[in-house]
Amino acid sequence: MSNEGSFTCGRCAELHPGPPMSYGPPAPAYWSAELAADPDNVLEGEICVIRGQGFFVRGLIELPVTGTGETFAWSVWVSQSEESFRDIVAAWDRPGRESRAPSFGWLSTQLPYDPPTLNLKTRLHTRPVGERPWVELEPTDHPLAVEQRTGITTARIQEIAERMRHGG
């Protein structure tokens, strides 16, 4: 990293703005152009319903940045049971919704980790109105779960930024 608000890319040696402190896809991994063409499927901001059988909510996997007090976040999609999804949607704009118990879900976003992140076990914690839910990963030895528990370095954030910008 170098100048505040920018970094020298290890792949192309150019100075880029950032690195960004959040990344995430606009839809769950299961979404496609074919599904988007069907009006029975819904992708609206923070929620997604596929074929009336797949229910998803967008949330944040937050990783503490070691030694900084900052947070890096992955914006991700988490599957929910139909009952949990309906409860979440019913309370979406209701003050006090954060008192709702966390709900089980499967991570429905593939992030640039090895092994894959798709279908990691999660718990979705609703937050106050206006805040995205917090996604808690099952405490396994998966690198993403380890980073959620122990933190992420600024060097790792730059590595992610380079990978997201240049692929691979």
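The values are calculated or read from the model by the stated rules, or taken from the named source; none is laboratory data. None of these values were measured; they are calculated from a predicted model. Calculation scope for accessible area: heavy atoms of the full protein, side chains included, ligands and nucleic acids excluded. Shrake-Rupley method; radii C 1.70, N 1.55, O 1.52, S 1.80 Å.
If DNA, RNA and ligands are ignored and the probe is 1.4 Å, what is the ranking of His142, His166, His125 by accessible area, most exposed first? Show your work: numbers first, answer last.
Details: His142 15, His166 85, His125 40 Å².
Order by accessible area, largest first: His166, His125, His142.
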Relative contact order computed over segment 86-129 (Cα-Cα under 8 Å; 6+ residues apart), in percent: 47
Mean-position separation - Cα centroids, segment 53-68 and segment 124-167, in angstrom: 6
Stretch gain in nm, segment Gln110-Arg163, where the contour uses 0.36 nm per residue and the Cα spacing is subtracted: 17.7 nm
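Give me the percent relative contact order of the chain, please, defined on Cα pairs under 8 angstrom at least 6 residues apart.
Details: 301 pairs, mean separation 35.2, N = 168.
The value is 21 percent.
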Accessible heavy-atom area order of Ser108, Ser32, Ser99, Ser84, highest first, probe of 1.4 Å: Ser99, Ser32, Ser84, Ser108
Per residue accessible area in Å² of segment 15-168, where ligands, DNA and RNA are left out and the probe is 1.4 Å: 51
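If I stretch the segment between Arg127 and Ala101 completely, what's the gain in nm (0.36 nm per residue apart, minus their alpha carbon distance), one decimal? Intermediate values should be presented prior to the final figure.
On the way: separation 26, 0.36 × 26 = 9.36 nm, distance 1.06 nm.
My answer for the length gained is 8.3 nm.
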Label of the coordinate-derived value, volume of the Cα convex hull per residue in Å³, listed as (i) 123; (ii) 134; (iii) 107: (ii)
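Mind running the shape call on segment 45-91? Use the C-alpha gyration tensor, a ≥ b ≥ c as the square roots of the eigenvalues: rounded below 1.5 for a/c, prolate if a/b tops b/c, oblate otherwise.
Numbers: a/c = 3.80, a/b = 2.79, b/c = 1.36.
Here segment 45-91 falls in the prolate category.
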Carbon and sulfur %, accessible surface of the chain computed with the full protein complex present, 1.4 Å: 51
Accessible area, probe 1.4 Å, largest first, for residues Trp134, Trp74, Trp106, Trp31: Trp106, Trp134, Trp31, Trp74
